[in-house]
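Novice: This structure is in structure tokens; I'll ask about it shortly.
The values are calculated or read from the model by the stated rules, or taken from the named source; none is laboratory data. On a predicted model such as this, the values are computed, not experimentally measured, just so you know. As a convention, Cβ positions derive from the backbone with ideal geometry for all residues, glycine included, and neighbour counts pool all protein chains shown. Accessible surface areas use protein heavy atoms only, side chains included; no ligands, DNA or RNA. Shrake-Rupley method; radii C 1.70, N 1.55, O 1.52, S 1.80 Å.
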Amino acid sequence: MKLPILTAAEGASWEAGLLVALESGDHGVVVARRCVDIVDLLAVAAAGQARAALIAAGLRRLDADAVDRLAVAGVVPVGVVRRGDGAAEDRLRAMGVDYLVPDDAEPDVVGSVIAEAVSAAEGARPGRTFGDPAAATSRVIPPTGTAPDLPPATRRGSVVAVWGPTGAPGRTTVAITLADELARLGCGSLLVDADVYGGVIAAVLGLLDESPGLAAACRQASSSRLDAASLAGLCWQLAPTLRVLTGIPRAERWPELRASAVGSVLGAARGLADFTVIDCGFSLESDEELSYDTLAPRRNGATLAILDAADVVLAVGAADPIGLQRLVRGLAELRDAEVAAPIWVVLNKMRRGVVPGDPRAELTAALDRFAGRQPAALLPYDADALDAALAVGKTLGEVRPGSALRHSTTELAAALAGVPQTRTRRRRAVVSG
């Protein structure tokens, strides 16, 4: 049985001749439709009419998001490039197109590569390039310029997603302070604002609101190769071991943070820092998928992609009766979203008066009773220190190093980094003295 395929070449010189050759012989494929552009290609793919697609390297509006949509529709993209055009090959691979054929390839080679691509997609087997069994699908291209303080390319850092339910439990405060304390422990730290409902990390730290940040990183990841060096160029460097990738200051810009592009950014971030701390949006709903007949942009797709890629998820809840109730429901939402990473519960804004008796004991008991969990950290509410830091756009470690909130977050950072507590106590003694 022949595999039905699509083509999208926008009149490229190779298209007509190759299609005639494929149709005239027994090459294992049949052309179901010639698509006029990327919109037509995605619509036909979503209708389930094909198993693979031959795509010209120069197809307009082809990006990583379009490749991701093809994958969701069960259509494997096969790129067609001019022989020797290494830039086009790298661009397609950066978008996620793992199978390539030259524009002068024989029909038998094209049919063989398509069959291999479809078979590998179904069996998750490694792919091949240009029909050569010995050729790997991905090549490591060294960056043209590397910052002197970048880590080795072989490093794979950890992703820490800071999430919490609605109600302002303090996700941003926890993310900023945690990233700063990880950096002070000697770990390379990258703080990312990925709140699709309007991030405020730039404003809190006194950075330029309209800096490119995560949106620019997503655009680059969708259209070209994004590596650690390229990502570093889009970050603010607040300290030798602390970088910040700012978010979208206006909530209506959420379509710029596509889930597939965010995943590529996280891949580059792992090569840039030991720990990537991400301030996520609160919502885990997928209503967009239920509102359209075809694949549609998902506002919460970026948050779900981050949680799926995270090595640790910090679930932040306010340490009061309402906040705890929301947190318990939020933990159930994380379970329904099938988050596989370990979940560390962080109770934030702990204070006396709002909880009868000993807040630490009462909150721990309530969390164990209603969620079956123990808190990884209980962070005190230090309004004076937070106000002082916000007033000058700096971190707690810079403005109030003796803050109780800062000390508790340092212990949380040490637990994540695997630093012995004796070391953090020694540092605290030096700071206090």
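Novice: Return the residues of segment 365-383 that are open to solvent by 30 Å² or more (accessible area, probe 1.4 Å), touching a residue at least 12 places away in the same chain (Cβ under 8 Å) and in a helix (DSSP H, G or I); say none if nothing qualifies.
Specialist: Hits for segment 365-383 are Phe370, Ala371.
Novice: What about Thr137, is it surrounded by 13 or more Cβ atoms within 10 Å (Cβ to Cβ), in contact with a strand residue (DSSP E or B) (Cβ under 8 Å, 6 or more places away or on another chain), modelled with pLDDT under 85 and not in a helix (DSSP H, G or I)? Please lay out each step first, then the result.
Specialist: Numbers: surrounded by 13 or more Cβ atoms within 10 Å (Cβ to Cβ): yes; in contact with a strand residue (DSSP E or B) (Cβ under 8 Å, 6 or more places away or on another chain): yes; modelled with pLDDT under 85: yes; not in a helix (DSSP H, G or I): yes.
Against the criterion (surrounded by 13 or more Cβ atoms within 10 Å (Cβ to Cβ), in contact with a strand residue (DSSP E or B) (Cβ under 8 Å, 6 or more places away or on another chain), modelled with pLDDT under 85 and not in a helix (DSSP H, G or I)), Thr137 qualifies.
Novice: With a cut-off of at least 3 residues that are in contact (Cβ under 8 Å) with a residue 60 or more places away in the chain and either among the small types (Gly, Ala, Ser) or open to solvent by 10 Å² or more (accessible area, probe 1.4 Å) (or both), name the helices (runs of 4 or more DSSP H) lying wholly within segment 190-288. Explain how you work it out, then say what you get.
Specialist: Working: elements: 201-204, 213-223, 228-232, 259-272.
Ranges flagged: 213-223, 228-232, 259-272.
Table: residues versus (1) surrounded by 16 or more Cβ atoms within 10 Å (Cβ to Cβ); (2) free of Cβ contacts under 8 Å to residues at least 12 places away in the same chain.
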site: Arg329; (1), (2): no, no
site: Val339; (1), (2): yes, no
site: Val346; (1), (2): yes, no
site: Asp358; (1), (2): no, yes
site: Ala361; (1), (2): no, yes
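Novice: Of the residues in segment 399-413, how many are within 29 Å of the chain's Cα centre (by Cα) and open to solvent by 50 Å² or more (accessible area, probe 1.4 Å)?
Specialist: 1
Novice: For segment 28-47, state whether one or more residues are open to solvent by less than 20 Å² (accessible area, probe 1.4 Å), out of contact with any Cys (no Cβ under 8 Å at 6 or more places or on another chain) and part of a loop (DSSP other than H, G, I, E, B). First the steps, then the outcome.
Specialist: Restricting attention to segment 28-47, the residues satisfying the condition of being open to solvent by less than 20 Å² (accessible area, probe 1.4 Å) are 29, 35, 38, 41, 44-45.
Subsequent filtering for residues that are out of contact with any Cys (no Cβ under 8 Å at 6 or more places or on another chain) retains 29, 35, 38, 45.
Next, from what is left, pick out any that are part of a loop (DSSP other than H, G, I, E, B): none.
No, that holds for no residue.
Novice: Test of understanding: among Leu226, Leu266, Leu257, which residue is within 15 Å of the chain's Cα centre (by Cα) and under 21 Å from Leu178 (Cα atoms)?
Specialist: Working: Leu226 fails: under 21 Å from Leu178 (Cα atoms); Leu257 fails: under 21 Å from Leu178 (Cα atoms).
Leu266 is the lone residue from the list that is within 15 Å of the chain's Cα centre (by Cα) and under 21 Å from Leu178 (Cα atoms).
Novice: Within segment 68-103, track down each residue that is open to solvent by 10 Å² or more (accessible area, probe 1.4 Å) and among the aliphatic types (A, V, I, L, M).
Specialist: Ala71, Val72, Ala73, Val76, Ala87, Ala94, Met95
Novice: While we're here: What pairs come up if the first residue lies in segment 22-46 and is within 13 Å of Pro4 (Cα to Cα), the second is surrounded by fewer than 19 Cβ atoms within 10 Å (Cβ to Cβ) and of a type in the set (S, T, N, Q), and their beta carbons are under 6 Å apart, counting only those six or more places apart or on different chains?
Specialist: Note: pairs meeting the criteria are Ala32/Gln49.
Novice: So, one more: Inside segment 159-189, can you point out the residues that are in contact with a strand residue (DSSP E or B) (Cβ under 8 Å, 6 or more places away or on another chain) and free of Cβ contacts under 8 Å to residues at least 60 places away in the same chain?
Specialist: If the condition is that a residue be in contact with a strand residue (DSSP E or B) (Cβ under 8 Å, 6 or more places away or on another chain) and free of Cβ contacts under 8 Å to residues at least 60 places away in the same chain, then Ala183 is the only one that fits.
Novice: So for segment 24-36 (the condition being among the hydrophobic types (A, V, I, L, M, F, W, C) and within 30 Å of Cys218 (Cα to Cα)), does at least one residue qualify? Let's see the steps before the verdict.
Specialist: Looking only at segment 24-36, we keep the residues that are among the hydrophobic types (A, V, I, L, M, F, W, C), and these are 29-32, 35-36.
Okay, now just the ones that are also within 30 Å of Cys218 (Cα to Cα), so 35-36.
Checked segment 24-36: at least one residue is among the hydrophobic types (A, V, I, L, M, F, W, C) and within 30 Å of Cys218 (Cα to Cα).
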